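Bear in mind these aren't lab numbers, they're just calculated from the coordinates by the rules spelled out. These figures come from a predicted structure and were not determined experimentally. Using ideal geometry, Cβ is built from the backbone for each residue, glycine included, and neighbour counts are taken over all protein chains shown.
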Amino acid sequence: MSIAATCVKRPVFTTMLMTLLIVLGVFSFVRLGVDLMPNVDMPMVAVRTSLPGASPEEVETEITKKIEEAVNTVSGIDELRSTSTEGSSMVMVTFVLEKNGDVGAQEVRDKVSAILKRLPTGIDPPTVSRMDPSSRPVIRLVVSGQRNMLELTEIASKDIKESLDSINGVGEVSLDGGRARVINVVIDKNKLEQFNLAIGTIKSAIISQNMEVPIGRITQKTVEYGLRALGRVTGMQDFNSMIVAWVKNRPIMISDLGYAENSEEEPRSISRLDGRPSVSLTIKKQSGTNTVKVVDAVLAKVKTIQQKLPADIKIDIVGDQSRFIRGSIEEVEMHLVLGGLLASLVVLIFMGNLRATLIAAISIPTSIIATFTLMLYMNFTLNNMTLLGLALAVGIVIDDAIVVLENIFRVMHEKKLSPVQAAIEGTSEIALAVMATTLSLIVIFLPVAFMSGMIGRFFQSYGLTVAFAIAVSLLVAFTATPMLCSVLFKKTDKLEGDEKDELWINRVIKSGYGWLVRWSLDNKLIIILCTVFTLYLIYPLVNYIGKDFMPQDDTSEFQVNLTTPSEWSLGRVDKLFLEVEEKIKKLKGVRSLLTNIGGSDSGTVSKGEILVVVEDIKNRNYPMTDIMQKVRRIMADYKEIRTGVQISGGPGGMGGGGRNTKFNVSVSGPELDVLSRATDQMVEELKKIRGFVDPDTNADNTKPEFRIAINRQKMAEMGFQVSDLSTAMKTLIGGEKISRFKDGDEQYDIILRLMEKDRNIPELIKEIKLLNKAGKLIPISNFITIDSSVGPTRIERINRERQISLGADLDDKVKPLNEAIIDTKKIFNELNLPPGYRLNALGQAKIYGETMINFVMAFVLSFILMYIVLASQFESFLHPITILLTLPLSLPFAIISLLMTGETLNVFSILGLFMLFGIVKKNAILQIDYTNTLRERGMNIVEAIVQANVTRVRPIIMTTLTLIAGMLPIALGKGPGAASRASMAKVIIGGQFLCLLLTLLVVPVAYFLFDRASVSLKKRFGFDKEK
């Protein structure tokens, strides 16, 4: 007994089976997380090390290279990158995907620990941590109030940041624009010389007189006491009265040499929200965690914190990524519902029967809801990819039910059977074709789910979600559909009865298509020529259409990145930003501006960014790119400023570094000067090419600096070593953290340095004196010279070679990603650089090449698997070729539809091609399967072809239109994330609509020709039947 017969005879059992699927799906749905994209756990480790005051070149030589050399021996490294900036080194180790990230982090940690003794003194201990390459800020909090910056920073750091650090899922909370409290001990150079004192003496005295040491225990019979010396300084007066030396029996206090003050650290960053000075907190999530869940936890904590803060302190929420995610998910959910309703409406139009429509429509919610169970089991989230897969499946999961339903109804009226008998026989008759179409459709998406590389991880949830939804639809078609037909159908139902009762639309389609099939069989040469011409169009169309990685979505936020000349001070940079902010906030649609200048990430005060928050996409009728273009026109007036205007939160530099722009490459090689000249020339050439927007490099080799040259012989003769000079100069000029001041339960740095009047003029620096071992003060001008020069602000390296990266945004309508890569390679080759210099793809440019290779392999594997399934189902080597012949015929029409709608061939439109191939192939299976059935009944080949195609044309057109109806809301969507989804829907709708007629005519002609060829071969070689 078949499964259909069992379900028809046991309707309660079938109902409970469907109920089980729905109940499990509902309970799974409420437990699914929500995110923008699938969680892709990339094994990447970062090693951060700081050496305050060190130049980028010194950091590279003394720290970065040594760490690279050590970790390079760890197994499984795919890429080794590093960045050296002023006082900071970051080495990023990217492992192959098969490497366990935690194991890799531990191995890197062990290697770094082994070389700690080789690193320079004065460094902060290196920190080794897992890094998420897609870990961009998920939310920003801006703290402002009627307080000075020192108080504001204390509140932001203690009351807010420390609370946020403990939230589950929060990976990092960075503070920008703050002013940390410090104790400055400022010394007058002339007073030092007057008392014949060295700065080292002052340093040692402060350290030795500001400590609290546990001494031991005192035991008195039955009582034990702890004993400690309270030697810490308790106030500013204690600092100023601290005795640091004795000269001629006179105590010398700090107040005799200068003063100690309760102050704030030297400003190196500024944060501002809509013109109000503020402190901003940037929050990043941990790798693999759920964005919406993390943001919700942060917002809940902020609500609690706000109640405890003083009344004047305000926390503003800026850059909330969950807002875009929720909007995008809501859009897809709405598209899913609308698609289901439209698909059901198509069934109603063609069937003309409400009960039949209801039976077919039940397969949509059942299949979709049941899929949530697999998503929970596989630890998937409700993200753009999984929901897009479900929305795509809406037009497909109803197909099997339609085909089974239509065949049951036809059998019931043709053979005058009861609904129960018709349900069993009709399902049995069509079962082979339905199973073949469904299984061959599933094997299309399985290769997508198991593609290699990062893009394979990215699309795994999409492929498995669609495949499982289609598999459930097959189960529904073989169980619930025949059962419901046997219960709800009546012999008096008019769907396919006498011709006079048939719907006019069905009569028109059948008569018109029947005539076309006969005409095609009589004019086979014309069909063959049309087929050849269509196949010929594939090559020029594929070459002509622009190729991209991923469309850019309107996130209602974008960034304006500004890089001023590196010699500009923080005050001068701030003045420029204020001027730019005034101009931007006057633009239509701009709601808020968050400015960050300097900060820990940039390593310099000459860089900053303005986060521009615009009206939500639902509340404006113009694209955000219009506002961005106006900002670019504003920035064009500032010739000496390097600017970039980019969408916030996009894919940006994913996949190997680079700026947060759509196009990123780098030039690597040994000499920084050669790299700088090469990339500058490339930028100038790219500016001349239409379509490149804001091309720029991340290099800045013009930072002015003073370099101290040492005469070692003279220095030795005067009793000094290089370490004596460097240690003293670091303290006197740069300022050194020598101890900590305890105030309550908090500790603050004590910084020792010269007065500003003595340390900011090069001529005065040469007058600084050092105390030699004989106790004599010697001016350093006796053995040093000071020259002005320029140096880099940052040094990047890739695979242990220096590199300078170059980035640009692209105008999608003018310059797709593939053309940008070709143009850049051409420019690089024309530079004729010496051997050893290479052009490297970064970000989307890097992933693009890997993705195209993976998709080609997935297509090839899909074709092979489809042939295996079809050959097994039809027990024929020949019929699968007839079916698969229709697939390349759809490709030119798909590309034409992309060209007509202004889309590019990107990862989403390529996924649409997979679906398009599945639908086209499904139609051919229905045509050939019934042709074989009629021929087995004794009908001649021509009549069998005509009747089979006319009989199957209605379910074919119905399934085609239900798919198109399901895709229409996605193709026409304008909400958050619509750009990505629309390209997939457009290729399916346009490709299927344009190629439908040709494929419906090619299949009968190809079937006839292959059959005649097969008969001729059998006769020639003496075979009586196909083996």
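For a quick protection proxy, order the peptides 366-372, 109-115, 67-73 by their average other-Cβ count within 10 Å, most packed first.
Descending packing order for the listed peptides: 366-372, 67-73, 109-115.
With N the number of residues in region 403-471, Rg(Cα) / (2.2 N^0.38 Å) evaluates to 1.61.
Under 8 Å for C-alpha pairs, at least 6 residues apart: give me the relative contact order for region 43-131, rounded to a whole percent. Don't skip to the answer; put the middle values down first.
On the way: 171 pairs, mean separation 41.7, N = 89.
After rounding, I find 47 percent.
Relative to the longest principal axis of the Cα atoms of the chain, the long axis of helix 11-29 makes an angle of roughly 20 degrees.
Using the Kirkwood radius built from alpha carbon pairs, what does the Stokes-Einstein equation give as D for the chain at 10 °C and 1.306 mPa s, in µm² per second? This corresponds to a translational diffusion coefficient of 48 µm²/s.
Between ASN772 and GLN194, the distance separating the two model label sites (each 7 Å from Cα on the Cα→Cβ line) works out to 2.6 nm.
Backbone phi angles across region 834-839, fed through the Karplus curve with coefficients 6.51, -1.76 and 1.60 (θ = phi - 60°), yield HN-Hα couplings of x, x, x, 10, 10, 9 Hz in residue order; Gly and Pro are listed as x. Rounded, prolate or oblate: which one fits region 43-131, using the alpha carbon gyration tensor with axes a ≥ b ≥ c (rounded when a/c is under 1.5, else prolate when a/b beats b/c, else oblate)? Prolate, because a/c is 1.5 or more and a/b exceeds b/c. Model label sites at TYR225 and VAL860, defined 7 Å from Cα along the beta-carbon direction, differ in position by 8.5 nm.
Rounded to 0.05, the FRET efficiency of the GLU875 and ARG800 pair, given R0 = 60 Å and the Cβ-Cβ distance, is 0.50. Across region 509-518, computed HN-Hα scalar couplings (Karplus, 6.51 cos²θ - 1.76 cosθ + 1.60, θ = phi - 60°) run 5, 5, 5, x, 5, x, 5, 5, 5, 5 Hz from first to last residue, x flagging Gly and Pro. Pull out a ≥ b ≥ c, the square roots of the eigenvalues of the alpha-carbon gyration tensor of region 556-648, then state rounded if a/c is under 1.5, prolate if not and a/b is larger than b/c, and oblate in the remaining case. Since a/c reaches 1.5 and a/b is larger than b/c, the shape of region 556-648 is classed as prolate. The C-alpha atoms of the chain define a longest principal axis, and helix 363-377 lies at about 40 degrees to it. If I fit a long axis through the Cα atoms of helix 570-584 and take the longest principal axis of the Cα atoms of the chain, what angle between them do I get, 0 to 90°, rounded to 10? Between helix and principal axis, roughly 30 degrees. For LYS742 and ASP616, the difference between the fully extended length at 0.36 nm per residue and the C-alpha to C-alpha distance is 40.6 nm. For SER648, the residues 5 or more places off, or on other chains, whose built amide H falls under 5 Å of its own are GLU557, PHE558, GLN559. Antiparallel beta bridges, as assigned by DSSP with both residues in the chain, represent about 95 percent of the total such bridges. A straight chain from MET378 to GLN713 at 0.36 nm per residue would run longer than the Cα-Cα distance by 113.5 nm. What shape does region 162-270 take by its C-alpha gyration tensor, where a ≥ b ≥ c are the square roots of the eigenvalues and a/c under 1.5 counts as rounded, a/b above b/c as prolate, and the rest as oblate? Oblate shape, in that a/c is at least 1.5 and b/c is the bigger or equal ratio. In this structure, the pairs whose alpha-carbon distance is over 29 Å, taken from LYS630/LYS813; LYS607/LYS769; LYS703/LYS730; LYS524/LYS921; LYS308/LYS742; LYS284/LYS308, are LYS607/LYS769. Highest average first, the peptides 896-902, 631-637 ordered by how many other beta carbon atoms sit within 10 Å of their residues are 896-902, 631-637. Distance between the modelled labels on LEU345 and GLN947, one decimal in nanometres: 3.7 nm (7 Å Cα→Cβ projection).
Would you give the gap between the C-alpha center of region 979-1011 and the C-alpha center of region 35-101, rounded to a whole Å? Cα centres, region 979-1011 to region 35-101: 49 Å. Counted residue by residue at 0.36 nm each, then reduced by the alpha carbon distance between them, the extension gain from PHE533 to SER2 reaches 186.6 nm.
Excluding same-chain residues fewer than 8 positions from LYS314, which aspartates and glutamates have a Cα within less than 13 Å of its Cα? Of all the aspartates and glutamates, those that pass the test against LYS314 - Cα under 13 Å, at least 8 places apart if same chain - are ASP159. Computed from phi, the 3J(HN,Hα) profile of region 216-225 under the Karplus parametrisation 6.51, -1.76, 1.60 (θ = phi - 60°) reads x, 10, 10, 10, 10, 6, 9, 10, 10, 10 Hz, with x in place of Gly and Pro. Here r is the Cβ-Cβ distance between GLN209 and THR121 and R0 is 22 Å; the resulting FRET efficiency, rounded to 0.05, is 0.45.
Under a Cβ-Cβ cut-off of 14 Å, what is the net charge of the residues other than VAL103 that fall near it, where Lys and Arg count +1 and Asp and Glu count -1?
Details: positive: LYS99, ARG109, LYS111, ARG130; negative: ASP41, GLU98, ASP102, GLU107, ASP110.
Value of the local net charge: -1.
Please list, in order, the residues from region 799-818 whose amide nitrogen is less than 18 Å from a point placed 7 Å along the Cα→Cβ vector of THR73. Counting only backbone N, you get 800.
Would you mind putting 677-683, 224-230, 243-249 in packing order, based on average other-beta-carbon counts within 10 Å, highest first?
Details: 677-683: 18.9, 224-230: 9.1, 243-249: 12.4.
By packing density, highest mean first, the sequence is 677-683, 243-249, 224-230.
Close amide H pairs (under 5 Å, H built 1.01 Å from N) link VAL790 with GLU705, residues at least 5 positions away or on another chain.
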